[in-house]
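Asks: Sharing a structure, written as structure tokens. Questions coming.
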Amino acid sequence: MSGVTLYALTGAALVGTGFFGLIAARHLLRRVLAFNLIGSGLFVYLGAAGARGGEADPVPQALIITGIVVALSASALAVGLIVALARARGRAMLPEEDVGG
Amino acid sequence: MTWALDATLCAMILAVALATVLGRGVFRAIVFFVVYGLLLALAWVRLDAVDVALAEAAIGAGLTGVLFLAAFGRLARSGADAEPPPGRVNIAAALASAALTGALVWAWVALPLPGRPGPELAEALPRAGVENPVTAVLLNFRAWDTLLESVVLLAALVGLWMLARDEAWTEPLGLPQHVRPGGVMASFGRILPPVGVLVGAYVVYVGADRPGGAFQGGTVLAAVGIVAALAGLVRPPRVTRRAWRAALVAGPAVFLAAGLGGAALGAGFLTLPERIAGSAIFAIEIALALSIAVTLAFLVIGPPETGLEDQ
């Protein structure tokens, strides 16, 4: 197994891990963290795909850099919404999941 | 030997990712996520993508970590930092996640092997105006993506500012910071910014020919501003200040002007003719780095707050 394939499999596993966290986590901050894991897993997968031809392809790299910056800005907006929700309700969970605890 | 290095690195990345998802406590999850970002930056170096490694280290590990830690502090003030006890094991979610990973693995095996980076790229690169192929793709060949991305950043900031309360709108951005004089944060706030400004400006400047560029350098400059604000050395500006608003739109504005310049010279919108490409990209890069630095810093510092409502 080549190194590139190893990173692609890691990326695939990261997507799965993040997807599980996105569904299973109840604290919203953890959900945004999990969402970031999905994103970065896909970046690794795409980057490994770009490196498959033997030399690093700059086109996916440029797309990934764009993606990393967009992921940060989306996270910042999501985190702002969570903080606003917590101020209004005193909890950082979705209302329908906020049982017990 | 290198295979062992790759395998160890991948195992550590996966372990830290699992700890982020499964570990107890939100604070611990954030700390694991920062470690994850740093390890991922190493993975990008191994994949021969140094430009991405710089962006991942500065944004994925650095700014995202600060963003989440600051949010955690704010949630703690509202009493919303505690996590509910874990429910029963979510078997459906585990199965769905395993299926998703399996589909990606299958796609990797099934997809035909692509050729080397297309010959079109090697042909076009000498006319791009810059040596670094990633910068050439970002600011010349796929300029549309990058222009729209810089607008997405602005849209996220506008969305974040819309969460501010009316009475806080004229306050400075973020929470007022109180730092112990002579403490660690105050000392860091004095030592780091000069070094950070130097590193950030250098990374922006060399981006044309070597790994680096507006995104990576702009992020380092944003981090300098955040450190200075957290240390209480500078007060973040108010939303209403025109000079800062101009800094926010300078990047997209210069980018658009260069695109229109390309159209006026007959090459087409956002197509840079070879004789102006080098200088146009340099101008875009400087303006974009400024806008990215200010936008990212404002995104992390957060909307204007009075800091009074929770006490």
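Asks: For the range B:221-255: of the residues being of a type in the set (D, E, K, R) and touching a residue at least 40 places away in the same chain (Cβ under 8 Å), which is nearest to B:Leu154 (Cα to Cα)?
Replies: My answer is B:Arg238.
Asks: Okay, moving on. Which one of B:Ala53, B:Ala19, B:Ala7 is more than 9 Å from chain A (Cβ to nearest Cβ) and surrounded by fewer than 20 Cβ atoms within 10 Å (Cβ to Cβ)? Can you show your working first?
Replies: Working: B:Ala53 fails: surrounded by fewer than 20 Cβ atoms within 10 Å (Cβ to Cβ); B:Ala7 fails: more than 9 Å from chain A (Cβ to nearest Cβ).
None of the other options fit; the residue is B:Ala19.
Asks: While we're looking at this one, here's another question. For the range A:47-59, which positions are more than 7 Å from every other protein chain (Cβ to nearest Cβ) and either touching an Asp or Glu at 6+ places or on another chain (Cβ under 8 Å) or farther than 15 Å from B:Leu113 by Cβ (or both)?
Replies: Within the range A:47-59, just A:Gly50 meets the criteria.
Asks: Sort out which residues of the range B:7-29 are touching a residue at least 40 places away in the same chain (Cβ under 8 Å) and either of a type in the set (A, V, I, L, M) or touching a Phe, Trp or Tyr at 6+ places or on another chain (Cβ under 7 Å) (or both), and write them in order of number.
Replies: Scanning the range B:7-29 gives B:Val26, B:Phe27.
Asks: I need the full set of residues from the range A:88-101 which are buried (at least 19 other Cβ atoms within 10 Å of the Cβ) and either in contact (Cβ under 8 Å) with a residue 40 or more places away in the chain or not in a loop (DSSP other than H, G, I, E, B) (or both), in order please. Walk me through how you get there before you give the answer.
Replies: Residues of the range A:88-101 buried (at least 19 other Cβ atoms within 10 Å of the Cβ): A:91-93.
Scanning the range A:88-101 gives A:Ala92, A:Met93.
Asks: On to the next question. Does the range B:95-112 contain at least one residue that is at pLDDT below 95, surrounded by fewer than 17 Cβ atoms within 10 Å (Cβ to Cβ) and more than 28 Å from A:Ile23 (Cβ to Cβ)?
Replies: Yes, the range B:95-112 has at least one match.
Asks: Give me the pairs, please: first residue somewhere in the range A:34-60 and closer than 29 Å to B:Phe32 by Cα, second residue anywhere and of a type in the set (Ser, Thr, Tyr) and assigned to a helix (DSSP H, G or I), beta-carbon distance under 7 Å, and either six or more positions apart or on two chains.
Replies: Cβ pairs passing all conditions: A:Asn36/A:Ser75; A:Asn36/B:Thr64; A:Leu37/A:Thr17; A:Leu37/B:Thr20; A:Val44/A:Tyr7; A:Val44/A:Thr10; A:Ala48/A:Tyr7.
Asks: So, B:Leu39, is that one part of a helix (DSSP H, G or I) and surrounded by fewer than 23 Cβ atoms within 10 Å (Cβ to Cβ) or not?
Replies: Considered against the rule, which asks whether it is part of a helix (DSSP H, G or I) and surrounded by fewer than 23 Cβ atoms within 10 Å (Cβ to Cβ), B:Leu39 comes out as yes.
Asks: Of the residues that sit in the range B:256-293 and are under 17 Å from B:Leu157 (Cβ atoms) and away from every other protein chain (no Cβ under 13 Å), which one is surrounded by the most Cβ atoms within 10 Å (Cβ to Cβ)?
Replies: B:Ala287
Asks: Next question. Give me a count of the residues in the range B:30-51 that are touching a residue at least 40 places away in the same chain (Cβ under 8 Å) and under 13 Å from the mean Cα position of the chain (by Cα).
Replies: Total meeting the criteria: 1.
The values are calculated or read from the model by the stated rules, or taken from the named source; none is laboratory data. All figures in this text were calculated on a predicted structure; none of them were measured in a lab. For neighbour counting, all protein chains shown are included, and Cβ atoms are generated from backbone atoms with ideal geometry for every residue, glycine included.
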